[in-house]
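Here is the structure we will look at, set down as structure tokens.
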Amino acid sequence: MVDVGNAYDARAAEYIELLGSVEQMAEQDRATIGRWQAGIDGDILDAGCGPGHWTEVLSQGGAREVRGIDASAHFIASARRRFPHLDFARGDLAALPFASGSVAGVLSWFSIIHTPPDAVPVILREFARVLAPGGSLLLGFFDGDAGVAFDHAVTTAYYWSADALGALLAPVGFVVEQASARQDPGVRRQGDLTARVTV
């Protein structure tokens, strides 16, 4: 994750200007995250929070506490300046600095797209670990042939499918509850899924 963090650090100012506020996000993304958040009773972790805009949205939805973590030092610094009332930390999604069973929800909104496919199960296991039994994960991804790499503006990224992610989520204790995909004009096809920890 350090290489990804460094890659985003190099383009952090540009990213924040173009994509650093909720108003710049697709309305459907806002609706999807809002519906998911409304069903969470407890603390939420925004895993791969970027400059913190979704963390701020989640904090307004009634969660007891919302924390953000990201590999980019520049994103975390920006998030702390813009949203000083929230808790942000720099860290690795494969080794989350949070106690087991400590959150009710994990948002991973396009946060694992740069993770090589063979490393994704480690991150999903960490998500399962920090979630309390019955906790919920909302995962956003680029929808396509699972594991196929593509050129991304920041660094290499990978397509996934709901079925392929579901196959990785099951062994670490998740059950997929919902999955959808869409194709917006001018951008790559994207998907999202919701999964719940059953153990």
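Annotations
- Whichever residue in segment 183-199 is of a type in the set (A, V, I, L, M, F, W, C) and part of a loop (DSSP other than H, G, I, E, B) and, among such residues, is nearest to Trp36 (Cα to Cα): Val199
- The listed residue being surrounded by fewer than 21 Cβ atoms within 10 Å (Cβ to Cβ) and acidic (Asp, Glu), out of Asp145, Asp192: Asp145
- Residue satisfying all of: in segment 86-123; in a helix (DSSP H, G or I) and in contact with a helix residue (DSSP H, G or I) (Cβ under 8 Å, 6 or more places away or on another chain); surrounded by the most Cβ atoms within 10 Å (Cβ to Cβ) among these: Val120
- Taken together, the residues in segment 74-85 that are among the aromatic types (Phe, Trp, Tyr) and either touching a Lys or Arg at 6+ places or on another chain (Cβ under 7 Å) or not in a helix (DSSP H, G or I) (or both) amount to 1.
- Residue in segment 52-62 that is at positive phi and modelled with pLDDT of 90 or more present: yes
- In segment 145-165, the residues that are farther than 12 Å from Gln190 by Cα and touching a residue at least 12 places away in the same chain (Cβ under 8 Å) form Cβ pairs under 6 Å with partners that are of a type in the set (D, E, K, R) and surrounded by 13 or more Cβ atoms within 10 Å (Cβ to Cβ), at six or more places apart or across chains, as follows: Val154/Arg11.
- Residues of segment 37-52 satisfying the condition of being part of a helix (DSSP H, G or I) and crowded, with 22+ Cβ neighbours inside 10 Å: Gln37
- Scanning segment 181-199 for residues that are in contact (Cβ under 8 Å) with a residue 40 or more places away in the chain and either more than 16 Å from the chain's Cα centre (by Cα) or more than 13 Å from Asp29 (Cα to Cα) (or both) yields Arg182, Asp184, Arg188, Arg189, Thr194, Ala195, Arg196, Val197, Thr198, Val199.
This table checks each residue for (1) in contact (Cβ under 8 Å) with a residue 24 or more places away in the chain; (2) of a type in the set (Gly, Ala, Ser); (3) farther than 23 Å from Ala181 by Cβ.
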{"residue": "Glu65", "(1), (2), (3)": "no, no, yes"}
{"residue": "His85", "(1), (2), (3)": "yes, no, yes"}
{"residue": "Ala89", "(1), (2), (3)": "no, yes, yes"}
{"residue": "Ser108", "(1), (2), (3)": "yes, yes, no"}
{"residue": "Val122", "(1), (2), (3)": "yes, no, yes"}
{"residue": "Arg129", "(1), (2), (3)": "yes, no, yes"}
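- Positions within segment 87-99 being touching a Leu at 6+ places or on another chain (Cβ under 9 Å) and either over 20 Å from Arg64 (Cβ atoms) or of a type outside the set (Phe, Trp, Tyr) (or both), in sequence order: Leu96
- When Ser180, Ser136 are screened for being in contact with a strand residue (DSSP E or B) (Cβ under 9 Å, 6 or more places away or on another chain) and either assigned to a loop (DSSP other than H, G, I, E, B) or crowded, with 17+ Cβ neighbours inside 10 Å (or both), only Ser136 passes.
- Checked against (1) modelled with pLDDT under 90; (2) in contact with a Leu (Cβ under 6 Å, 6 or more places away or on another chain), Asp46 passes all but a single condition, namely (1).
The values are calculated or read from the model by the stated rules, or taken from the named source; none is laboratory data. If you're wondering where the values come from, they're calculated on a predicted model, not measured in any experiment. Cβ coordinates were reconstructed from backbone atoms using ideal geometry, including for glycine residues, and neighbour counts include every protein chain displayed.
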